[in-house]
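Student: Let me begin by handing over the structure; questions about it come next.
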Amino acid sequence: MDGSLSPAAVRALKKEIFSALHCALPGTVESYDAETGTAGIRPALRGMPILQDVPVFACNEVSAGDACLVVFADCDVDAWFDGNDSADPVSGRIHSLSDAFAFVGWRRRPNL
């Protein structure tokens, strides 16, 4: 055997990798702390945990129930969020649910 993967094995490997890769998804603000500028965000996918302490970008006042877009950073953002302009990542996290940012202010279509 030459060590290459079958097409089915490649598809299964891709599915496994991509299922753990978080890039962006819609969500809803569950709670907002104006002092820290962070929110608890409920992702719009069933079975996902509420994301805690998510830094929020907002042009208006933020309230529970607001729609948002959550994006996940390419690396651990803990050092940056703690005020360091440039620092090595604290961990090896990549596209982790722990490294989310929320853009609040989207409008949803009303239920028809």
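The values are calculated or read from the model by the stated rules, or taken from the named source; none is laboratory data. Bear in mind that the values here come from a model prediction, so they are computed numbers and not experimental data. Every residue, glycine among them, receives a Cβ derived from its backbone with ideal geometry; neighbour counts consider all protein chains shown.
Student: Without any contact (Cβ under 8 Å) to a residue 24 or more places away in the chain and small (Gly, Ala, Ser) - does that describe any residue in segment 36-43?
Tutor: Taking every residue of segment 36-43 in turn, at least one turns out to be without any contact (Cβ under 8 Å) to a residue 24 or more places away in the chain and small (Gly, Ala, Ser).
Student: Criterion first (loosely packed, with under 15 Cβ neighbours inside 10 Å and of a type in the set (Phe, Trp, Tyr)) does PHE72 satisfy it?
Tutor: Criteria not met by PHE72.
Student: If I ask for residues that are of a type in the set (Ser, Thr, Tyr) and over 23 Å from SER19 (Cα atoms), which ones from segment 67-112 would you list?
Tutor: If the condition is that a residue be of a type in the set (Ser, Thr, Tyr) and over 23 Å from SER19 (Cα atoms), then SER86 is the only one that fits.
Student: May I ask you to list pairs of residues, at least six apart or on different chains, whose Cβ atoms are under 7 Å apart, with the first in segment 62-88 being within 21 Å of ALA34 (Cβ to Cβ) and the second being acidic (Asp, Glu)?
Tutor: Listed by first residue and then by second, the contacts come to ALA64/GLU30; VAL77/ASP99.
Student: Go over the candidates ALA58, ALA24, ALA20, ALA39 one by one and state the one that is surrounded by 14 or more Cβ atoms within 10 Å (Cβ to Cβ) and at pLDDT below 90.
Tutor: Result: ALA58 is the single residue among ALA58, ALA24, ALA20, ALA39 that is surrounded by 14 or more Cβ atoms within 10 Å (Cβ to Cβ) and at pLDDT below 90.
Student: Which residue is farthest from the chain's Cα centre (by Cα), if the candidates are limited to segment 79-112 and must be of a type in the set (Gly, Ala, Ser) and on the phi > 0 side of the Ramachandran plot?
Tutor: Only one residue fits best here, namely GLY83.
Student: Tell me which residues, restricted to segment 69-86, are among the aliphatic types (A, V, I, L, M) and either over 18 Å from GLY40 (Cβ atoms) or assigned to a loop (DSSP other than H, G, I, E, B) (or both).
Tutor: Within segment 69-86, ALA73, VAL77, ALA79 meet the criteria.
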